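Reviewing the structure listed below.
The values are calculated or read from the model by the stated rules, or taken from the named source; none is laboratory data. Just so we're clear, the structure is a prediction, and the values are computed from it rather than from any experiment. Here the Cβ positions follow ideal geometry from the backbone for every residue, glycine too, while neighbour counts run over all protein chains shown.
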């Protein structure tokens with residue numbers, strides 16, 4: 001890997017992002033020097049395309065430390081296996097909460113809890129629970145975190161709860177897969193990378209998985225939560 005590169009973009013931030021993507025490291029792993037600033041433009045150059053150049057040099061790493069630009073959420077993580085006793089306790093914790101919780105929801109709301117060694121599934125079913133899903137699932141994911149904390153009470157291992165409401169996740173998965181295909185076609189046609197809006201880790205994984213078999217496309221994640229997003233671009237040949 002090159003120790004120093006020159007990266008270009010229409011703005012300083014774009015030039016830096018392009019360089020980080022090329023080096024496959026995070027911003028704290030490089031020293032950055034702006035060579036051509038977007039502020040230094042004369043009257044005679046105002047009609048010419050704006051190009052900003054930055055010099056990016058990799059910092060020395062200690063003890064073979066590696067910082068990657070993409071913390072790949074599509075990489076398999078070590079799964080915590082819940083014992084049968086832990087599964088039973090997690091389900092009991094959730095049952096106590098859910099019985100009271102559904103009383104505050106529209107009449108006829110039902111729920112189902114299923115346990116596995118890796119996680120606990122909770123499905124809530126009704127016709128008028130859009131407010132529990134929120135914009136792009138924000139409220140749903142917040143509630144999922146609450147349920148995970150409740151399920152893990154008095155359990156040593158971390159308990160992961162997967163919540164779905166009105167089949168939202170299946171619908172969202174289909175939407176994201178269609179988006180991935182559409183964006184990939186656009187990138188191939190224009191030969192320009194596309195930066196997607198910030199997404200939950202679960203949603204980013206759907207995009208990565210959908211496009212990983214595309215021989216012409218690569219996907220990387222960049223940024224910090226909750227603003228972490230995917231960049232879809234052509235593979236370097």
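This table checks each residue for (1) surrounded by 13 or more Cβ atoms within 10 Å (Cβ to Cβ); (2) more than 30 Å from residue 233 (Cβ to Cβ); (3) at pLDDT 95 or above.
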residue: 73; (1), (2), (3): yes, no, no
residue: 80; (1), (2), (3): yes, yes, no
residue: 88; (1), (2), (3): no, yes, yes
residue: 92; (1), (2), (3): yes, yes, yes
residue: 96; (1), (2), (3): no, yes, yes
residue: 101; (1), (2), (3): yes, yes, yes
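Would you pick out the residues in region 192-213 that are in contact with a strand residue (DSSP E or B) (Cβ under 7 Å, 6 or more places away or on another chain) and assigned to a loop (DSSP other than H, G, I, E, B)?
Step one: filter region 192-213 for residues in contact with a strand residue (DSSP E or B) (Cβ under 7 Å, 6 or more places away or on another chain), giving 193-199, 204, 207-208, 211.
Residues satisfying the conditions are 193, 196, 197, 198, 199.
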